[in-house]
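Here the structure is laid out as C-alpha cells; the discussion comes afterwards.
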Amino acid sequence: MKKRRLAALAVCAALLLSSCGGGPKESATPTPDAQEGAYTAGTYEASADGRNGPVKVSVTFTADAIEKVEIVEHSESAGISDPAITGIPEAIVQYQSLGVDAVSGATITSDAILAAVAACVEEAGGDVEALKAVPAGGEKVEGALETTTVDVLVVGGGGAGLSAALSAAQNGASVILVEKLPALGGNTYRCGGAFNTYDPERQANNPMDEALSSTVESLLAHEDTSPEHAALKADVQKQWDEYKASGRTNLFDSPEWHALQTLDAGDYLGNVEQIRTLTTNALDTLHWLGENGVTWSDEVSTVIGALWNRSHQTLPKASGAEIVAALENAARAANVQIFLDTKAESLVSENGKVTGTVLTNANGESVTVKASKGVILATGGFGNNPEMLAKYNPEGNNWENIEKLSTNNTPGATGDGITMGLSVDANLVGMGWIQLMALNSISGGGISGMINSTAFVNQEGQRYVAEDERRDVLAEGALSQTNQMFYGICDNKEATLRMAQEALDAQVQYGMITRADTLAELAEAINMPADALEATIAEFNDLVKAGKPDQFGRRTWENTIEEGPFYAVAFTPVVHHTMGGLEINGSAEVLNAEGQVIEGLYAAGEVTGGIHGTNRVGGNAVPDALTFGKIAGETAAAK
C-alpha cells in the first residue's frame with residue numbers, strides 16, 4: 001500500500017476530478033472544552049467527499065492526543081469500503097498520525113476520512129502537516145500465511161476464486177484462498193450482480209413479441225461459420241420450430257439459444273464448446289448459489305448489453321456484493337482458509353506439473369504453499385494495467401488511447417494470473433478484445449443496469465443507439481456524442497422498481513442523479529433542449545406500445561416513460577472487461593500452445609480467454625466466473 005500524504009485541499013480536488021458524488025460540506029463544529037496542550041480539547045465534526053457521497057467523521061481530542069475517531073455517516077459501498085471505514089480511524093488513533101496508508105481498493109474512501117479528520121485537527125488547533133509526517137504501522141500481522149501444504153490453493157478472492165474455493169471444499173479438498181487486496185470481492189463485488197441464464201420458471205411471464213421473434217430468425221439465418229456453429233444453430237432451429245408449433249406466447253429461451261446469442265455477440269470468435277459449457281451449467285450454478293445463501297429476485301429482465309430477458313438480480317440489493325458475502329460465509333463455514341493482503345508472486349513447477357505458489361504474505365515475507373491437487377488462478381483481468389492495455393489493444397478493438405481511459409475495475413485487475421500463466425507456457429487467447437462499459441456513472445450515482453424501460457439520450461436530447469445493443473456498439477456510440485457522454489432517462493415507476501425511495505432521495509440530495517417533476521424541468525436541470533427531450537420520450541413511448549424494432553434496431557421493450565417524477569443519470573465509457581486471457585478447457589484446466597493440459601493448473605473468470613470472442617454479453621461475466629470457478633474447484637478436488 002502506498003502512503004497518502006495529501007493536504008486537505010489537494011484531496012478534495014482529486015476527489016472532484018475523480019467524478020465521484022459530492023454533497024455539501026459541513027464545517028468542523030467543536031464542542032469546546034479548552035485545555036492547554038497540542039489541541040483544544042473537545043469533539044469536532046467534519047465531512048469530505050467519498051465515492052458515493054460525504055463521509056462524516058467525529059473526532060474527540062484531549063489536550064494532548066487524538067482520543068477517538070468515529071465515522072458517523074457515510075454512503076460508501078459495504079465490503080469494499082469496510083477496511084477503510086474501520087481501519088483508518090483505528091490507525092489514526094493508534095499512531096497519532098495522519099500519515100496512514102490508504103486501503104487498496106478503497107482509496108477514495110480512505111482519502112475522504114483522512115481529509116475530514118485533518119479538518120477537525122485544524123479546527124482543534126493541531127498541526128496537520130506534522131501529523132502527516134508521523135509514520136504509521138510496522139507491527140507484524142498475527143495469523144499471516146506461512147509456508148505450508150494444502151490440497152487446493154486458490155489465487156484471487158473475487159467471485160471466481162470464492163466459488164472455486166467453496167466448490168473444492170464441498171468436494172472434500174482442504175483449501176487455502178489468497179487475495180492480494182485487504183478485502184474480498186474483486187470485480188464481482190463492484191458489479192450489479194446480474195446473472196444471465198435460461199430459467200423457465202422465472203421467465204414464464206415474460207412475453208414474446210415481433211421484435212424478439214425477428215432476432216431469433218435473424219441469427220438462425222446467419223451463414224455457418226464452423227461445424228460447431230452449424231450444430232448449435234441446428235439445435236436452436238429445432239427448439240424454435242417446436243416453440244412456434246406449441247402456440248406459446250411467453251419468452252422463448254434455452255441454453256442453446258443463450259449460447260448462439262453469445263457466439264453472435266462475439267462475432268463468432270468465441271469457443272463454441274466453452275460457450276455451451278457456460279450456458280448449459282449456468283442455471284445449476286444459479287441454484288447452487290441459492291443453496292449457499294444468495295437470494296434471487298423472481299423478476300427476469302435485460303441488463304445493459306444482455307440482449308435477452310434472462311438477467312437475474314440479487315436481493316435485497318441488486319449487487320455483486322450479495323454474491324460475495326454469501327460465498328465468503330459459505331466458504332468459511334466449509335473451512336476454507338482465507339488470507340488477505342497476500343500476493344501470489346510465481347508458480348512452482350516440477351517436471352511440467354504446477355505444484356504450488358510462492359507468495360508474499362501480509363507481513364511482507366516470502367512463503368511457499370505446496371498444493372497437492374492443484375493451483376486455481378482466479379486473479380481477474382488486466383483492466384487496471386495501462387501497460388498491458390496499450391500492448392494488447394492493437395490486436396483487437398484498437399480503442400483510441402485506451403491506456404488513458406478510466407476504468408471501473410478493482411485495483412487488483414492488473415493481469416497477475418496471466419503473467420504467472422505465461423511463466424509455465426500457458427496459451428493466451430483473445431488478448432486484444434477489450435470491452436468498454438458505456439454505462440459508467442459520471443457522478444457516482446445510478447439506478448440500475450436494466451435497460452428495459454430506459455432511454456439513452458445525448459446532450460442534444462436525442463436517442464442515438466438501441467439501448468439493448470452489444471456493449472461495444474453502445475461504447476462506440478457514446479464516444480461519438482458531445483463530450484463523450486449521455487444520459488439514462490427513466491420515470492418513477494422504473495426508478496422505484498429498481499431502488500428504494502430512500503436511496504433515490506439520498507442520491508438526488510448528493511447530486512449523484514437528477515430528478516424533476518416534468519421532462520421539461522429535467523431537461524433544464526441537465527442543460528438539454530426541453531422540446532427535443534419531450535419529443536424523444538414521446539416517440540420512445542410509442543415504440544414501447546408497438547413492440548417492434550425501431551430505427552436503431554432496439555428489440556427489448558417493457559414500460560413507457562410517463563410517470564413523474566423523472567430521473568437522469570449521466571454516463572461515459574470506461575475500460576470494463578478484458579475478454580482475453582489463459583486458454584482453458586471445459587474442465588477449467590489451463591492449456592499450453594499445443595492444446596495440452598498443464599497439469600496442476602486451473603483457471604476461472606476474467607483471467608481466462610476464448611469464451612466471449614470480441615465482445616462480452618452483458619450479464620455473462622458473473623455466470624462465467626462462478627460457473628467455471630465451480631467447475632475448477634470440482635475438477636481440482638477430484639485429482
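The values are calculated or read from the model by the stated rules, or taken from the named source; none is laboratory data. Owing to the predicted nature of the structure, the values given are computational and were not obtained by experimental measurement. All Cβ positions, glycine included, derive from the backbone under ideal geometry; neighbour counts span all protein chains shown. The protein model used for the area step is the full one, side chains on, heavy atoms only, and it has no ligands, DNA or RNA in it. Shrake-Rupley method; radii C 1.70, N 1.55, O 1.52, S 1.80 Å.
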Exercise. For every other residue with a beta carbon closer than 15 angstrom to the beta carbon of residue 504, add +1 if it is Lys or Arg and -1 if Asp or Glu, then tell me the sum.
Key: -2
Quiz item: To the nearest 0.05, how large is the calculated FRET efficiency for residue 317 and residue 525 if R₀ is 30 Å and r is the Cβ-Cβ distance?
Solution: 0.65
Exercise. Report, to the nearest whole %, how much of the accessible area of segment 197-324 belongs to carbon and sulfur atoms, 1.4 Å probe, protein only.
Key: 48
Quiz item: Can you work out the FRET efficiency for the pair residue 214 and residue 593, with r the C-beta to C-beta distance and R0 = 35 Å, to the nearest 0.05?
Solution: 0.25
Quiz item: For segment 347-489, what proportion of DSSP beta bridges, expressed in % and rounded to the nearest 5, is antiparallel?
Solution: 100
Quiz item: Label residue 395 and residue 67 with points 7 Å out from Cα along Cα→Cβ: what is the distance between them in nm?
Solution: 6.1
Exercise. When you have a sec, figure out the Kirkwood radius of segment 531-580 from all distinct Cα pair distances and drop it here in Å to one decimal?
Key: 13.4
Exercise. Treat each spin label as a single point 7 Å out from the Cα along the C-beta direction, and report the residue 403 to residue 479 distance in nm.
Key: 1.6
Quiz item: What residues from segment 331-362 fall in the zone where the backbone N is under 19 Å from a label point 7 Å along the Cα-to-C-beta line of residue 101?
Solution: 338-346, 359-362
Practice problem: Work out the FRET efficiency for residue 273 and residue 639 from their Cβ-Cβ distance, taking R0 = 22 Å, and round it to the nearest 0.05. | Solution: 0.50
Quiz item: Leaving out ligands, DNA and RNA but keeping every protein chain, what accessible area does residue 563 have, in Å² rounded to the nearest 10, with a 1.4 Å probe?
Solution: 80
Quiz prompt | Solvent-accessible surface (1.4 angstrom probe) belonging to residue 545, in square angstrom, nearest 10 | solution = 140
Quiz item: Cα to Cα, under 25 Å, and not fewer than 8 places away if on the same chain: which lysines meet these conditions relative to residue 630?
Solution: 180, 317, 343, 353, 370, 373, 639
Quiz item: If you put +1 on each Lys and Arg Cβ and -1 on each Asp and Glu Cβ, how big is the dipole of segment 480-614 around its Cα centre, in Debye rounded to 20?
Solution: 180
Quiz prompt | Environment charge of residue 597, counting only residues whose C-beta is closer than 13 Å and scoring Lys/Arg +1, Asp/Glu -1 | solution = -3
Quiz prompt | Leading residue at positive end of dipole, the chain (Cβ point charges), from 596, 363, 629 | solution = 596
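Assign one of three labels to segment 368-494, namely rounded, prolate or oblate, based on the Cα gyration tensor with a ≥ b ≥ c the square roots of its eigenvalues; rounded applies when a/c is under 1.5, prolate when it is not and a/b is larger than b/c, and oblate otherwise. Intermediate results must be reported in sequence, preceding the final value.
Values: a/c = 2.85, a/b = 1.99, b/c = 1.43.
Cα axes put segment 368-494 in the prolate bin.
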Self-check item: Convex hull per residue volume in Å³, alpha carbons only, for segment 60-146
Solution: 109
Exercise. Considering only protein heavy atoms, with the full assembly of protein chains and a 1.4 angstrom probe, order 191, 490 by accessible area, largest first.
Key: 191, 490
Quiz item: Counting each DSSP H run of 4 or more residues in the chain as -39500 (n - 2.57), what helix-only mean residue ellipticity at 222 nm follows after dividing by all residues, to the nearest 500 deg cm²/dmol?
Solution: -10500 deg cm²/dmol
Quiz item: residue 248 accessible area, nearest 10 Å², 1.4 Å probe?
Solution: 110
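Compute the signed sum of charges (Lys and Arg +1, Asp and Glu -1) over the other residues within less than 12 Å, Cβ to Cβ, of residue 479. Write out the running numbers ahead of the final one.
Details: positive: none; negative: 400, 472, 476.
Here the count lands on -3.
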Practice problem: Would you mind telling me the antiparallel percentage of the DSSP bridges in the chain, rounded to 5? | Solution: 75
Self-check item: Accessible-area ranking of 539, 365, largest first, probe 1.4 Å
Solution: 539, 365
Quiz item: On full extension of the chain, what length is gained from residue 221 through residue 241, given 0.36 nm per residue of separation minus the C-alpha to C-alpha distance?
Solution: 5.8 nm
Practice problem: Mind giving me the nanometre distance, one decimal, between the label points for residue 291 and residue 345, set 7 Å out from Cα along Cα→Cβ? | Solution: 4.0
Quiz prompt | Alpha carbon convex hull of segment 505-639, projected area averaged over orientations, nm² | solution = 12.8
